[in-house]
Amino acid sequence: MPAPLVHVGTSPTLPERADAVVIGGGIVGVFAAYYLSRRGLSVALVEKGRIGAEQSSRNWGWCRQQNRDARELPMATLSLDLWERFAVDSGEATGFSRCGLFYLSNDEAELAGWARWGEFARTAGVTTHMLDSRQATARGAATGRSWKGGVFSPTDGTASPADAAPAVARAILKQGGSVHQMCAVRGVETSGGRLSAVVTERGTIRTPTAVLAAGAWASSFCHQLGVALPIASIRASALALSPSAEPLPPALHTAAVSITRRGDGGHTLAISGRGRVDPTLQQLRFAQHFLPMFAKRWRSLLPGGFEGLRMGHE
């Protein structure tokens with residue numbers, strides 16, 4: 001799906017020095033740079049392509065607590081508060097809304113798992129509602145099917161993948177930080193065993209601190225530094241649908257498809273949990289870490305092609 005990219009201005013010159021350099025202009029990178037800048041640090045955000053041009057503009061846009069692992073739930077809860085506060089603090093719009101996330105299922109085991117998670121969630125202060133067959137079928141009337149049950153998490157929501165990362169990048173610029181696009185980071189320099197600089201294709205930035213937020217490319221970047229960072233890259237597809245008169249929920253998940261309403265009234269549709277595994281040196285290097293998971297999910301995964309190698313995964 002071609003990403004509807006929002007243009008962000010690039011800072012005219014690369015700084016000679018910065019308190020911190022953030023490598024990667026996806027949603028993690030821009031927010032890391034934004035909050036470092038808010039703390040008064042001089043920050044340079046460096047992106048090899050365009051801000052938010054890869055996975056950050058092609059995802060479902062879900063900001064959720066529902067069904068999170070207990071170890072990551074506190075962070076997910078805090079992140080929702082930060083999404084809300086960002087718009088107030090920065091004056092920039094990410095399209096975030098606590099519209100609620102809606103799950104439907106005809107699988108008794110899946111429903112039982114959601115119910116168990118709901119019991120745990122209440123102890124963590126998270127609101128989630130189990131739906132019986134009548135409630136689930138009524139709320140999911142747009143699907144044209146009957147359902148055994150579902151779950152609704154009203155405090156969860158969505159943001160706009162097309163708008164979010166660019167909005168944060170604009171906020172960084174307003175705070176005095178710099179944003180550098182089409183500027184790949186090639187490596188780092190050290191002095192006395194400590195980081196001293198980040199080397200880009202347009203020059204070197206002296207800095208004592210670097211944040212690596214390179215997403216799927218983080219493992220390849222670390223490999224050149226002799227650092228093993230196991231990452232398994234899985235390709236999945238999403239489809240942009242034009243606005244429809246059919247009343248669909250803002251965010252709906254079923255075992256077959258997941259749908260998210262976009263700000264323009266259209267929807268993003270994805271085949272739930274399906275993906276392709278591209279054979280790359282990185283996949284082979286870390287196979288021992290991921291083979292058990294791949295074996296468990298083999299019905300949802302298909303062999304990929306050479307897209308991973310063409311994109312530069314090593």
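Every number here is computed from the coordinates shown, using simple stated rules; none is lab data. Everything numeric here is computed off the predicted structure, so don't read it as measured data. Using ideal geometry, Cβ is built from the backbone for each residue, glycine included, and neighbour counts are taken over all protein chains shown.
Couple of notes before you dig in:
- Length released on extending from residue 288 to residue 186, taking residue separation times 0.36 nm less the Cα-Cα span: 33.9 nm
- Under 26 Å from the Cα of residue 296 - lysines, other chains or at least 8 residues apart: 148
- Tail weight of P(r) past 31 Å, computed on alpha-carbon pairs of the chain, percent: 38
- Proximal aspartates and glutamates to residue 48, defined as alpha-carbon separation beneath 15 angstrom and excluding residues fewer than eight positions away on the same chain: 201
- Taking every C-alpha pair closer than 8 Å and separated by at least 6 residues, the mean separation divided by the residue count of the range 165-314 gives a relative contact order of 15 percent.
- Restricting the trypsin sites (Lys or Arg not before Pro) of the range 11-106 to loop positions (DSSP other than H, G, I, E, B) with no more than 14 neighbouring Cβ atoms within 10 Å leaves 39, 71.
- Of the residues 211, 22, 227, the one with the fewest other Cβ atoms within 10 Å heads the list, and the complete ranking is 227, 211, 22.
- Less than 5 angstrom separates the built amide H of residue 160 from those of 95, 96, all sequence-distant by 5 or more or on a different chain.
- Pairwise label distance in nanometres, residue 209 with residue 87, each label 7 Å out on the Cα-Cβ vector: 2.9
- Residue 299 versus residue 122: modelled label distance in nm, points set 7 Å from Cα along the beta carbon direction: 3.1
- For residue 109 and residue 129, the difference between the fully extended length at 0.36 nm per residue and the C-alpha to C-alpha distance is 5.5 nm.
- Mean separation of Cα contacts under 8 Å, 6 or more apart, over the residue count of the chain: relative contact order %: 22
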